[in-house]
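The block underneath contains the structure these notes are about, expressed in structure tokens.
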């Protein structure tokens, strides 16, 4: 019948073969084993197990294996470096390409609201009326001139600038 | 020059420092992997893959653990992935007609090739953690702290895994057959059951 002491003894047997027990525990174990045949058997089997494990190493591969190991590893490292460098170059090229495309899109395809408004006849009329109301008197005689000049002046200018330009134009032609 | 110096040199651009690390660890690492996968070409491939990962990872290695611990933890993950893909099943092909002689003593069993095969097969049947712990403890002489760092657990857990591995191996090895055989003849007590009546 196995007792709690036997379980403790089994733990000590493994510890003794693995790391060595301190003197007190070793003494206790020896006394227990002397009186307990199953634990003595466990100790003998565990000793065989540890010894067999040491003999159980797979055969060490020969020199040819290690020569090919070194050369293959070197080749694999070189290949990886090449791949990494190439992928780095592609990343850089891709970044520049994306930046160039973005710049192209910004400069060519983003609509200019003022230009749209003036190019569209309906919007241009509304714009002219608003400008006439805001900036001063309008007359049919000066209207073609206003339209012509205002079309030039409106682009990219704020309303105050337009007012200034408008009066400058009026003075010049008044 | 220790491993940390070599790591530092590699980071400073000296490629030959990596060659020195390979020279130091290629053999023990490959042998450890070989014990787990049991095929030389597979072991070589896994071991080289590990060094490739190390080569790429060294610039970012924080040195929180030792280089050896880091290297072996990468290797164990690689072995785990490899075995998962291969789904290797345990091998157990004893010739059951070939029981040891009833008079066979422990020394007789000691050098027998059958005992070694018995141990190898019993190892194959162990849970992965126990198998790896046993291998690192017996063959790499790692202490439990190192094993815990490599496997990502506690020192007590590593110790427990080793104890359980030894216990299971002892129970699964040919000892059990020898005991049954001897018990039938009323000669040897079964340690698991106690004294023969």
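Compute the FRET efficiency between residue A:92 and residue A:67 as 1/(1 + (r/R0)^6), taking r as their Cβ-Cβ distance and R0 = 56 Å, and round to the nearest 0.05.
Rounded to the nearest 0.05, the efficiency is 0.90.
Tell me, in nm to one decimal, what length is gained between residue B:84 and residue B:112 on full extension, where the rule is 0.36 nm per residue of separation less the Cα-Cα distance?
6.9 nm
Between residue A:5 and residue A:26, what is the label-to-label distance in nm when each label sits 7 Å out along the Cα-to-Cβ direction?
2.1
Could you please rank B:34, A:97, B:174, placing first whichever residue has the fewest other Cβ atoms within 10 Å of its Cβ?
The most exposed by this proxy come first: A:97, B:34, B:174.
Compute the distance in nm between two label points, each set 7 Å from the Cα along the Cα-to-Cβ direction, one at residue B:2 and one at residue B:20.
Going from the residue B:2 label point to the residue B:20 one covers 1.4 nm.
Suppose each label sits 7 Å from its Cα in the direction of the beta carbon; what would the residue B:155-residue B:143 distance come out to in nanometres?
Placing both labels 7 Å beyond Cα along the Cβ direction yields 0.7 nm.
What FRET efficiency, computed as 1/(1 + (r/R0)^6) with R0 = 35 Å and r the Cβ-Cβ distance, is obtained for residue A:50 and residue B:61, rounded to the nearest 0.05?
That gives a FRET efficiency of 0.50.
Of B:41, A:10, B:128, how do they rank once you tally other Cβ atoms within 10 Å and put the fewest first?
Listing B:41, A:10, B:128 from fewest to most nearby Cβ atoms yields B:41, B:128, A:10.
Round to a whole angstrom and tell me the spacing of the C-alpha centers of the stretch A:1-75 and the stretch B:109-142.
The distance from the Cα centre of the stretch A:1-75 to that of the stretch B:109-142 comes to 10 Å.
Can you tell me the FRET efficiency between residue A:108 and residue B:77 if r is taken as the Cβ-Cβ distance and R0 is 56 Å, rounded to the nearest 0.05?
In this case the efficiency is close to 0.65.
Taking neighbour Cβ counts within 10 Å as the exposure measure, how do A:18, A:70 sort from fewest upward?
In increasing order of surrounding Cβ atoms, one gets A:70, A:18.
None of the figures in this text is laboratory data; all of them are computed from the coordinates on show. Just so we're clear, the structure is a prediction, and the values are computed from it rather than from any experiment. Glycine gets a Cβ as well: all are built from the backbone with ideal geometry, and neighbour counts include every protein chain shown.
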